[in-house]
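Q: My structure is below; once you've seen it, I'll send some questions.
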Amino acid sequence: MTVSELVARADLKAAALPDGEREITGVYIGDLLSWVMGRAASGDAWITIMSNRNVAAVATLADTACVILAEGVQPDEGVAALAEQKGINLLLSGASAYDTALRLRDLL
Amino acid sequence: MSEVLSFHFDVDGNDFTCAGQASVQVKKNLRRLGLSPETIRRVSIAMYEGEINMVIHAGGGHAEVRVAQDAIEIILEDKGPGIADIEKAMQAGYSTAPDTIRSLGFGAGMGLPNMKRYTDSLDIQSTVGVGTRIVMRVNLDN
């Protein structure tokens, strides 16, 4: 499933969607950035509550398909624009990390 | 090791929000060279961890990436406080990062362990009060 399809089907909001055709191949949940970078696989949808600029660097380096901010967390100022510029899909979910992951489980 | 190409970066220690720029640039450069995605991932993760460490602990420093035929070498140098106990610093979960850094999602004590995990060799030379020099090597399977 592509990131654009996920946005449409999982009731998510796109804060930045520069690469909507990117295929999602898995899911990773985590907030400790070193941990995420070491464990998230390329193509994962990364669910987190971290909303600062460093998330963009980690998403780029780990090559995740998209970042999903869960729990209704909003990106810090300038982060959505940065994501757009860096080619990172940044999605927003009002649900918890767990419920967001369950939705992905049903859709993937 | 015959050197083919090298990239040099100054890591700004004052702007934590910009940390990672050098690693992202290295990732782009290596991609252009046509290296395997797994190699690029290992190099850029190891370098990012080193870059973050320099920003958190040392007020910045210099990074150099040398691409040779058989390996990629990452050299990180700073004039920070040095590492008092390298063995302890290598333990997963051990961190001296302040709470402000932890609240940003860093300081999990995974930096040096990740650098070791993603490289084929890791050499740390550190003197308290003088600085730290780290050389990492990722072998290329030709």
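Q: Looking at the protein assembly as shown, send over the antiparallel percent of its DSSP beta bridges, to the nearest 5.
A: Around 75 percent of the beta bridges assigned by DSSP in the protein assembly as shown are antiparallel ones.
Q: Please state, as a whole number in µm²/s, the translational diffusion coefficient that the Stokes-Einstein equation yields for chain B at 20 °C and 1.002 mPa s, with Rh defined as the Kirkwood radius across alpha carbon pairs.
A: D = 142 µm²/s.
Q: Can you give the calculated 222 nm mean residue ellipticity of chain B, where each DSSP H run of n ≥ 4 adds -39,500 (n - 2.57) and the sum is split over every residue, rounded to the nearest 500 deg cm²/dmol?
A: That comes out to -10000 deg cm²/dmol.
Q: Calculate the mean, over all residues of peptide B:99-112, of how many other protein chain Cβ atoms lie within 10 angstrom of the residue's Cβ.
A: 4
Q: Still on this structure, I have one more. Arrange the following residues from fewest to most other Cβ atoms within 10 Å of their Cβ: B:Glu49, A:Glu5.
A: Ascending Cβ contact count within 10 Å gives the list A:Glu5, B:Glu49.
Q: Please average, across the residues of A:50-63, the number of beta carbons from any other chain that are within 10 Å of each residue's own beta carbon, and give a whole number.
A: 6
Q: Report the per residue volume, in Å³, of the convex hull enclosing the C-alpha atoms of chain A.
A: That works out to 75 Å³ per residue.
Q: Counting only other chains, what is the mean number of Cβ atoms within 10 angstrom of the Cβ of each residue in peptide B:11-19?
A: Taking the mean over all residues of the peptide, I get 2.
Q: As I understand it, the dipole of region A:3-107 uses +1 on the Cβ of Lys and Arg and -1 on the Cβ of Asp and Glu, about the Cα centre. Which of A:Trp35, A:Ala15, A:Leu82 lies farthest toward its positive end?
A: Result: A:Trp35.
Q: If packing is taken as the average number of other Cβ atoms within 10 Å across a peptide's residues, how do B:39-48, B:14-23 rank, most packed first?
A: B:39-48, B:14-23
Q: If I fit a long axis through the Cα atoms of helix B:37-58 and take the longest principal axis of the Cα atoms of chain B, what angle between them do I get, 0 to 90°, rounded to 10?
A: 30
Q: By how many degrees, between 0 and 90 and to the nearest 10, does the Cα long axis of helix B:21-32 differ from the longest principal axis of chain B?
A: Approximately 10 degrees, to the nearest 10.
Q: On to the next question. About the Cα centre, and with charges only on the beta carbon of Lys, Arg (+1) and Asp, Glu (-1), how big is the dipole of region A:3-107? Nearest 20 debye, please.
A: Taking the Cα centre of region A:3-107 as origin, the dipole is about 100 debye.
Read-outs: derived from the displayed coordinates by stated rules, not from any lab. No experiment lies behind these values; they were computed from the predicted model shown. In this analysis, Cβ positions are derived from the backbone assuming ideal geometry, glycine residues included, and neighbour counts consider all displayed protein chains.
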